[in-house]
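Written below as C-alpha cells is the structure these notes are about.
Bear in mind these aren't lab numbers, they're just calculated from the coordinates by the rules spelled out. Just so you know, these numbers come straight off a predicted model, no measurement behind them. FYI the Cβ positions are ideal-geometry reconstructions off the backbone, even for glycines, and counts take in every protein chain you see.
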Amino acid sequence: MRIAFSSDHGGADLKRELVDRLASMDSRLTLIDLGGDGSDPLDDYPDFSLRLGRFVADGAADRGVLICGSGVGAAIAANKVTGVRASVCHDTYSAGQGVTHDDMNILCLGARVVGIELAIAGVQAFVGATFSTEPRHRRRVAKVLAIEAAHGQIDEAQLDGVTAGAAR
C-alpha cells in the first residue's frame, strides 16, 4: 500500500519520526514524503493539504497522512479537494472505523495533541482497515459523494470575505 505523508511546520517533527519508525516496522508499505520539513514557519497547512489531497485523489497514493498542530485545519483544507475524505482521528478506533464505515482516505493528526506511539498505532489502524462492503456503508458514502458533486464550487463572495486583507 502506498501511503503519502505531508505536514506544515507544526507537524514536521512528528511526520519525520512517524515515517522513520513506520519504514522500519512494515516493509509492505511504500511511504512517500510530500514535504513539510519545518524549516519555514510560514509553511501553511492549506498548501500541504492541497498537495496531499491531490496526490491521493489522483491515485498516486492509496491513502494519506496529514499532520499539522491540531489536525483540524489540515482536515478542513484537505476535504475541499474533490475525492478526499479526511478526518482528524486521535484514537485507533476512529482511525480504523473511518475507513471501514466512511471510506476515509486521509488521516489527519495533531502533532500538539498526540505523541509518536499513539500516532503509530493510529496509522496502523488506518492502514490496516478496509472499506466495508455492507450496503448501508456504500449507501452513505454515495450520499457524501452526491453532496460533493452538487456543492463542489465556492462562491466568489465567500472567498472575498476571507481573503480581504490576508497577506503573507
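At a glance:
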| read-out | value |
| --- | --- |
| Amide H within-cut-off set for residue 32, under 5 Å, with H built and near neighbours excluded | 3, 4, 5 |
| Ranked packing of 3-16, 133-146, most packed first, by mean Cβ within 10 Å | 3-16, 133-146 |
| Gain on full stretching of the segment that runs from residue 138 to residue 120 - 0.36 nm per residue minus C-alpha separation | 3.7 nm |
| Simple Cβ-charge dipole of the chain, Lys/Arg +1 and Asp/Glu -1, about Cα centre, in debye nearest 20 | 640 debye |
| Relative contact order (%) - criterion: Cα under 8 Å, at least six apart; region: the chain | 21 percent |
| For residue 43, residues with placed amide H under 5 Å, excluding near neighbours | 9 |
| Linear extension gain, residue 146 paired with residue 17, 0.36 nm per residue minus alpha-carbon span | 42.7 nm |
| Part-to-part distance (alpha-carbon centres) for the range 41-79 and the range 87-116, which is given in Å | 13 Å |
| Signed unit charges on C-beta, dipole axis of the chain, positive-most listed residue 88, 105, 120 | 105 |
| Label corresponding to semi-axes √(5λ) of the Cα gyration tensor in Å when calculated from the structure given, among (i) 24, 23, 13; (ii) 31, 18, 15; (iii) 42, 18, 12 | (i) |
